[in-house]
1. Does residue 48 satisfy the criteria of being open to solvent by 60 Å² or more (accessible area, probe 1.4 Å) and either without any contact (Cβ under 8 Å) to a residue 24 or more places away in the chain or not acidic (Asp, Glu) (or both)?
2. If we keep just the residues of segment 1-13 that are open to solvent by 60 Å² or more (accessible area, probe 1.4 Å) and in contact (Cβ under 8 Å) with a residue 24 or more places away in the chain, which is farthest from residue 91 (Cα to Cα)?
3. Regarding segment 34-42, can at least one residue be identified that is within 18 Å of residue 92 (Cα to Cα) and either loosely packed, with under 14 Cβ neighbours inside 10 Å or not aliphatic (A, V, I, L, M) (or both)?
Amino acid sequence: TSAGTFLLAGYERILTMIVHVAMTVLVFYFVNKKKSFLGILLCLLLHTVIDFVPGFVQGASIKGYIGKPFPMETAYVIIYAFLTVMAIVGMVITVSIKKKWKKG
């Protein structure tokens with residue numbers, strides 16, 4: 001196994017921690033607003049999407065779910081770009097909720 005594979009695994013874990021912290025903050029925010037069911041449902045939906053997309057892209061690269069299969073390297077680029085965007089969205093959510101809590 002190459003060193004790059006271990007670096008990618010570490011990068012993926014960092015992205016995952018950011019997303020999970022954001023979802024935890026989101027649930028706490030909705031619980032604080034007395035809308036815990038909505039918060040849990042939203043986080044469950046987000047988690048499902050975040051788990052589904054990488055698996056689907058990997059399957060598409062191997063089995064061609066959406067047409068002709070494409071190289072696994074392309075799948076990795078798509079997957080890590082998606083996870084990076086989700087982590088950025090998670091950081092934005094966390095910062096915006098933090099600002100709302102400081103005001104309220």
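1. yes
2. Filtering segment 1-13 for residues that are open to solvent by 60 Å² or more (accessible area, probe 1.4 Å) and in contact (Cβ under 8 Å) with a residue 24 or more places away in the chain, the one farthest from residue 91 (Cα to Cα) comes out as 8.
3. Checking segment 34-42: at least one residue is within 18 Å of residue 92 (Cα to Cα) and either loosely packed, with under 14 Cβ neighbours inside 10 Å or not aliphatic (A, V, I, L, M) (or both).
The values are calculated or read from the model by the stated rules, or taken from the named source; none is laboratory data. Since this is a predicted model, take the numbers as computed values, not measurements. Please note: Cβ atoms are built from the backbone with ideal geometry, for glycine as well, and neighbour counts cover all protein chains shown. In case anyone asks, the SASA skips ligands and DNA or RNA and just uses the protein heavy atoms, side chains included. Shrake-Rupley method; radii C 1.70, N 1.55, O 1.52, S 1.80 Å.
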